[in-house]
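Report on one structure; see the data block that follows.
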Amino acid sequence: VQRVFQARGMNIPPKDVIRLQGALLTYALKIAPGNVNYISRCIRTCARELSTLQEQKKASMMGQGIVVGGGTKKSGEIDMEEVAITELEKLLSVPLDSMGLKILELPDFSSLLAFLPWENRRKVAVSMVKAVVGGGDATKIKDVAETEQLFSIIGPLLREEGDISPSMASMYASGASDGGSLISRTANLMGSLGINPNAMHDDSMFSPNNFGSISGNRNFAGDPLKAAQFREEQVLIAKLIHVLDHDDTDVAYQMLNVARKHIQQGGAHRTIVTLPPIVFAALKLLRRVQGVEFPKPIPSRLIKLDESKEAEAGGAEKKDEE
């Protein structure tokens with residue numbers, strides 16, 4: 001395959017690059033299911049060859065004087081036919097069944113995903129979310145970094161193309177609580193998640209009347225199928241929030257915070273579905289924190305009962321010795 005790339009050079013179309021690597025990937029998964037090295041190699045080679053084609057195109061345009069201080073980002077991209085886009089989408093989705101979220105450990109996965117148009121990235125994102133939601137413990141998100149990676153990749157489900165993604169700088173800020181009453185701890189946690197409990201009563205976004213129109217102000221050109229698809233995608237994100245969990249409550253909090261920072265970028269037509277699960281997940285987490293840090297005291301009558309049982313057991317042992 002490498003010789004084919006070298007022989008044809010820039011003359012090889014992207015669709016052939018993707019098809020060759022897709023065929024190799026399918027074959028590799030059949031002879032060695034779950035072999036990360038084979039999968040990584042196919043994805044890395046495909047990303048490298050497409051990047052080479054892109055650089056060659058830029059160099060060719062520069063040589064012809066086409067790009068002179070005003071070339072757009074689009075003009076420097078390789079020409080992806082519909083067939084190439086479909087094949088690349090398929091190639092990126094194939095490893096999800098065998099690897100699940102381990103696909104995030106492949107450094108070239110995101111690079112290859114970037115060659116897809118925004119709409120097709122959305123389809124891959126749907127496959128990823130379904131794999132996480134339906135995969136049980138095998139696809140459980142293990143830490144904050146993995147949460148950040150996942151929500152970055154599924155960005156097309158969370159915001160519109162061209163919208164600025166959340167800043168990386170504040171993603172890992174600690175959300176440790178300072179203690180206090182249950183009410184104050186709830187307010188602190190929900191406040192950190194960007195939720196104002198008092199405003200929720202007045203915000204029309206949370207009005208029950210609005211839940212029948214999840215698509216909000218988004219224009220679907222009167223297409224009910226697109227509107228239904230959009231609703232299904234947002235429900236998937238809501239389900240994803242409910243599987244974000246960790247044994248360490250601090251890590252669980254940070255995972256929710258990462259999710260909130262990505263989700264709040266989507267506008268009211270999305271957050272009407274995806275924000276409430278964060279509220280309930282935060283309250284559920286708060287109960288766990290309360291149980292750990294403020295355990296319920298054991299009633300005195302139970303303590304006395306245990307003492308009497310111990311005394312009886314001690315007396316029985318004394319009689320046996322005599």
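Accessible area, 1.4 Å probe, largest first: how do D250, D79 sort?
D79, D250
Once the other residues with Cβ under 12 Å from the Cβ of A281 are scored (Lys, Arg +1; Asp, Glu -1), what is the net sum?
Charge balance near A281 sits at +4.
How much length is gained if the chain between E293 and E161 is pulled fully straight, taking 0.36 nm per residue apart and subtracting their Cα-Cα distance, in nm to one decimal?
Length gained between E293 and E161: 43.2 nm.
Rounded to whole Å, give me the distance from the Cα center of segment 247-285 to that of segment 106-126.
Taking the Cα centre of segment 106-126 as reference, the centre of segment 247-285 is 23 Å away.
How would you classify segment 105-146 from its alpha-carbon gyration tensor, with a ≥ b ≥ c the square roots of the eigenvalues: rounded for a/c under 1.5, else prolate if a/b is greater than b/c, otherwise oblate?
oblate
D163: accessible area at probe 1.4 Å, nearest 10 Å²?
In the full protein context, D163 sits at about 70 Å².
Which entries in K90/K140; K15/K261; K90/K142; K30/K130; K57/K102 show an alpha-carbon gap greater than 29 Å?
K15/K261; K57/K102
The values are calculated or read from the model by the stated rules, or taken from the named source; none is laboratory data. Because the structure is predicted, anything quoted here is derived from the model rather than measured. Positions of Cβ are generated from backbone atoms using ideal geometry, with glycine treated the same way; all protein chains shown enter the neighbour counts. For the accessible areas, the whole protein counts, side chains as well, though only heavy atoms, and no ligand, DNA or RNA atoms are used. Shrake-Rupley method; radii C 1.70, N 1.55, O 1.52, S 1.80 Å.
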